[in-house]
Structures are given as structure tokens and as C-alpha cells.
């Protein structure tokens, strides 16, 4: 439901100013041009114009509640015609309540009938036109807003689901490791439970669109790597290169999936030691994160883990957040698979 | 007395199975393996009665490993992925333990193993029934070595008695499977059964020549010519949008 035109203070002020200035002009014309007394001129102007203003308000309100489609605009025009006619026809009735002594006044009313009718038609049609466009624009704006809201909701839902898909297997395997440690190394089991809890808590941060400092995210990543090292300790080596003074913001949970993907790719594509190198640089208002993992080029195409869900979902998230498709790049160097993501600042 | 092998790429995951097995002195652990290659070698070398098998592992996964073994032993899958459960039971696995599993659940699995009716693993059943889940690689054994062939490198597959011959640009490999197995496993958008004995990689077909009234010849980019049956020609035409 749109708001009535008269709900806007500025519009009301304009309406009153127009009404008063015309009423005064009207008085002046009747007095000076048609030589009636001031009293007669004032009554004539006030009665005719007040009723006309009332008609205009009615027309505008009718349009607020009943918006004719473009095809049936003639119905509105007909309404304007009828209202205007009634206005010119019936206004003299109200004049009979005040005592107007001039003899030729009745004659004046009869003679000025067509002029008044045309004037009233002009005013009322203008009101019709203005209301028509105004409410049309309002409705369109509301629709745009609604659509925007729907899109935002869909985006939010998609981001959420993309984020949640990254969790369960990691969680179950970690729990399994803890289950094994409980008997043999209870202390280490407890440490891992705490690391896992801290990690999970941070992944539950709801504000998906909020950005976090890269240092915060790297701490996050350390937790994740600590857990993965308990699981694959004998095979997994990680090296992180980052300037601790970097002051940059990155979306939550974007770093970890890239590293997770690299680790999986490395672990499942080779049988030896897996060296994961993570390098973070900040230049030209762009934070670049490069993650490299070993892989076996001979089974490259047979293995869908490297290009499968992990990277696709990261690409999709970066697109949803930055509307750019070039923020995720991959390259292959000898036996290294390098994933590079750029985050604009 | 029975024997077993544990195959899992996570040392702690193996240690939990070992710990649970301590209450079963009658089951002897012959080996622990951390990837599919090692696992396959160990199974062939030791011929165990029972294998605890993880699904996701380096190089080849648990299912691919089973395909490569001639007389598979009893299998208990241990994995965090519940999406393979159906596939595992279709393959007559004894049990499917979802990580993390407790001792009670483990005991039940061992009971099933110890009971008289031990189902033998059926590798022919190791196939996913839906097309949505088609394979993107085929694992074969050649001269005692394991070879992983990406499906796009397969030119065609030919029926060869009880086996099939998988033809790639660098040689042909034999695998103990049926044509219909591959027809189901490979993406129907990439591979077409053009003849009772031939399954061809459509992207490599460069030409289709008329041969006689009933049949045609498909010419591959490598120059190889394969016979096309009448129904095969229909399928090929449909897929190529002719």
C-alpha cells in the first residue's frame, strides 16, 4: 500500500500555498475585472475554491485506493469530468447561504459557467495526472525494494549453505581421532577437543558478510592446521609466510576452505609427505593468498578433488561477495598445484 | 583363529581399530596400511580373512582397491562418509562403521563376521546405480602395477571373452568386468555402446561411414574404425544431435 500524497508535509505545504494564492487571485479578478464588491468576491472565491480543493483531495484519494490500469484510464477521466461538473453545478447552492445583494451576480454565475468548468477540469486533471504518476513510482520503488530484499535473502541462504557444506567430514574424522587419543594420550585428546571447539565456534559466526582481519583469520587457520596435523601428523607439513603487521580484511571462512582443499588434494593425490605452503602478501589494495600443495600430474584429470566442490564453492562465494569471477586462480608448476585468491580491500 | 588387515590413511583411526581388537585375541592383525596401493599389496601377500577398509584414501579409494583384488576377503568399511553405505552393502560388505564408532557398534560388526553366514564381497555389485554418480576414472592392473586411467583418455572399450579391453592412446588394458558394468559406470554423455562388443568415447568420433545396408563404421581421431550396429547408430545419432 502506497502512502497518500497528503502524508508528505512538503506536498501539503505546496497544496496550501497554491490554494491560497489562487483564492486571492480569484478574489482580485472578481473584484477588479468584474467589478463586484470585495465581500461578494471573497465569498465567491472561498466557496468555489474550497469545494474544488475538496474535489481534488477526493480524486487523489480515490487513486490511492483504486489504481486503474493504463487501459481503463478513461474511467478516471470520466470521474474527473463528473466531479468537476457537480462542482460547478452545485457550488452556487452553497452561495445561497450567504447574503449576496448584487443583482447581476446570478447572471455572472451563469455566464462564467463554462470558464469555471474548464478551469476546474484543468485543475482536477492535473491532480489526477500527478497522483497517477506519483503512486505509480511509489509502487515501482516498493517492488524494487521487495525484489532486492528477496535477492539478499537468497544470497544469504546460498552463502550459508556453501559454508555449512564444508564441515561434517572434517568434524567426524576429528572426533574419531579424539576417540582414539582418549585412551592413549588423554592430555592430547583434551587439547584437541579445545582446539576443535574453538574452531567450530568461530565457524558459527553468523555474520557471513562481515569481514575479519587477516591476522584473526590466520589464527583461525592455525587451529584448523593443528587439528589436521593430529590426524595426518606424519605426512603433513605446513609453512606460513605472512607479515604480522598486515592490516587487511578478508571475508570469514574463505582462507580455511582453500587450505582444506589444498590439504585434501595433497593428501589424496600423493602418498609421501605433503608440504603445504601458505603465503600472504598485501599490495595495491589487494590481499593475495597463495596456497600450494604437491600433486601427481599423471592423475591430475582423474582426480576431481582438486577442482571439485572445494574450489567451486570458494569461487561462488567470492562472486557473491565481490561480483567478480577472477579472484580465484589456479596454476600448476611441476608437481605443485597453486591456488591463488585475491581479496580487494 | 582369523586374520585381518587395517587400511586407513589416518594413524589414529587405525589405532582405534587396534584398540578395539584387543578384546578379540582370536583375530590376528597381519598388517596396517596407510594407502590403497599398500593395502592392495598387503591383501594379496597376506590373504587375510577380514579387512577394515577406509573409503577416502590417497591414490585409490577403498572401492577401487576392491575392484583390483581377485578374491576379495570379508570387508568392514570404516569411514566418516555415510553416502557410500548403500554402495557398500550392495557389494556385500559385512558392515559399515561410521566414524566415530563405539565399542558396542564395533562388537556387532565382529559378531557378524564371526557368525557362520559370511557374505563374500561382490565386486560386480560395486557400482553406483544412478547416472548422477558416474566415474571419472578407471583403475586397472597392468604388469603388477596399478594404473589410473582418466575416462577421457579411454578411446573405447571392447568385449573380450569374460574380460574387457580398455583402449587408450598409450596401450590397452584388460579388466575383469562386463561391458554392461562400464556402460552403467561411465557417463552416458561421453560413452555410447555402439555395438554389442564396443563402447566408444563419443568425443573422439570424427566420422561415421556407411558400411552396408544395416551397419555403419565409426572412425576415431586416431584412425581406428569400429563397427556400429543399427541400434548403436540410433544412439549415436541421438547423442550427436544428428
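Which residue out of A:220, A:188 is within 14 Å of chain B (Cβ to nearest Cβ) and touching a helix residue (DSSP H, G or I) at 6+ places or on another chain (Cβ under 7 Å)?
Answer to the selection: A:188.
Please list, ordered by residue number, the strands (runs of 3 or more DSSP E) wholly in the stretch B:135-182 having 2 or more residues that are surrounded by 15 or more Cβ atoms within 10 Å (Cβ to Cβ) and either within 14 Å of chain A (Cβ to nearest Cβ) or modelled with pLDDT under 85 (or both). I'd like the intermediate steps shown before the answer.
Values: elements: B:137-142, B:145-150, B:154-160, B:163-168, B:171-175.
The qualifying strands (runs of 3 or more DSSP E) are B:137-142, B:145-150, B:163-168.
Might you let me know whether the stretch A:236-246 holds any residue that is within 14 Å of chain B (Cβ to nearest Cβ), touching a strand residue (DSSP E or B) at 6+ places or on another chain (Cβ under 6 Å) and more than 16 Å from residue A:340 (Cβ to Cβ)?
Checked against the condition, which is being within 14 Å of chain B (Cβ to nearest Cβ), touching a strand residue (DSSP E or B) at 6+ places or on another chain (Cβ under 6 Å) and more than 16 Å from residue A:340 (Cβ to Cβ), the stretch A:236-246 yields at least one hit.
Answer with yes or no whether residue A:198 is in contact with a strand residue (DSSP E or B) (Cβ under 9 Å, 6 or more places away or on another chain), at pLDDT 85 or above and away from every other protein chain (no Cβ under 14 Å).
No; evaluated as a whole, the condition is false for this residue.
Is it true that some residue in the stretch B:2-13 is within 10 Å of another protein chain (Cβ to nearest Cβ) and surrounded by fewer than 21 Cβ atoms within 10 Å (Cβ to Cβ)?
Yes, the stretch B:2-13 has at least one match.
Does residue B:218 satisfy being at pLDDT 85 or above, out of contact with any strand residue (DSSP E or B) (no Cβ under 7 Å at 6 or more places or on another chain) and surrounded by 14 or more Cβ atoms within 10 Å (Cβ to Cβ)?
Values: at pLDDT 85 or above: yes; out of contact with any strand residue (DSSP E or B) (no Cβ under 7 Å at 6 or more places or on another chain): no; surrounded by 14 or more Cβ atoms within 10 Å (Cβ to Cβ): yes.
Considered against the rule, which asks whether it is at pLDDT 85 or above, out of contact with any strand residue (DSSP E or B) (no Cβ under 7 Å at 6 or more places or on another chain) and surrounded by 14 or more Cβ atoms within 10 Å (Cβ to Cβ), residue B:218 comes out as no.
Does residue A:153 meet the test of being over 16 Å from residue A:59 (Cα atoms), at pLDDT below 85, assigned by TED's automatic domain parsing to the domain that holds residue A:45 and surrounded by 11 or more Cβ atoms within 10 Å (Cβ to Cβ)?
The answer is no for residue A:153.
Among the residues of the stretch A:1-13, which ones are exposed (fewer than 13 other Cβ atoms within 10 Å of the Cβ) and part of a helix (DSSP H, G or I)?
A:7, A:9, A:10, A:12, A:13
Given the condition within 20 Å of the chain's Cα centre (by Cα), at pLDDT below 90 and either within 14 Å of chain B (Cβ to nearest Cβ) or surrounded by 12 or more Cβ atoms within 10 Å (Cβ to Cβ) (or both), answer yes or no: does some residue in the stretch A:112-126 qualify?
no
For residue A:175, all conditions in the list (1) assigned to a loop (DSSP other than H, G, I, E, B); (2) surrounded by 15 or more Cβ atoms within 10 Å (Cβ to Cβ); (3) free of Cβ contacts under 8 Å to residues at least 24 places away in the same chain hold save one; what is the number of the exception?
Checking residue A:175 against (1) assigned to a loop (DSSP other than H, G, I, E, B); (2) surrounded by 15 or more Cβ atoms within 10 Å (Cβ to Cβ); (3) free of Cβ contacts under 8 Å to residues at least 24 places away in the same chain, the one that fails is (1).
Just need a number here: residues in the stretch A:235-247 that are more than 13 Å from residue A:275 (Cβ to Cβ) and either without any contact (Cβ under 8 Å) to a residue 24 or more places away in the chain or surrounded by 19 or more Cβ atoms within 10 Å (Cβ to Cβ) (or both).
1
Just to be sure, is residue A:214 surrounded by 19 or more Cβ atoms within 10 Å (Cβ to Cβ) and within 26 Å of residue A:173 (Cα to Cα)?
Values: surrounded by 19 or more Cβ atoms within 10 Å (Cβ to Cβ): yes; within 26 Å of residue A:173 (Cα to Cα): no.
Judged against the criteria, residue A:214 is not a match.
Given the conditions (1) in a helix (DSSP H, G or I); (2) closer than 23 Å to residue A:133 by Cβ, report the number of the one that residue A:67 does not fulfil.
Failing condition for residue A:67: (1).
Go through A:16, A:29, A:42 for me and flag whichever is loosely packed, with under 13 Cβ neighbours inside 10 Å and assigned to a helix (DSSP H, G or I).
A:16
Determine, yes or no, whether residue A:109 is within 14 Å of chain B (Cβ to nearest Cβ) and either surrounded by 10 or more Cβ atoms within 10 Å (Cβ to Cβ) or closer than 30 Å to residue A:63 by Cα (or both).
The answer is no for residue A:109.
The values are calculated or read from the model by the stated rules, or taken from the named source; none is laboratory data. Note that the structure is predicted; figures quoted are calculated from it, not measured. So basically every Cβ, Gly included, is an ideal-geometry build from the backbone, and we count neighbours across all protein chains shown.
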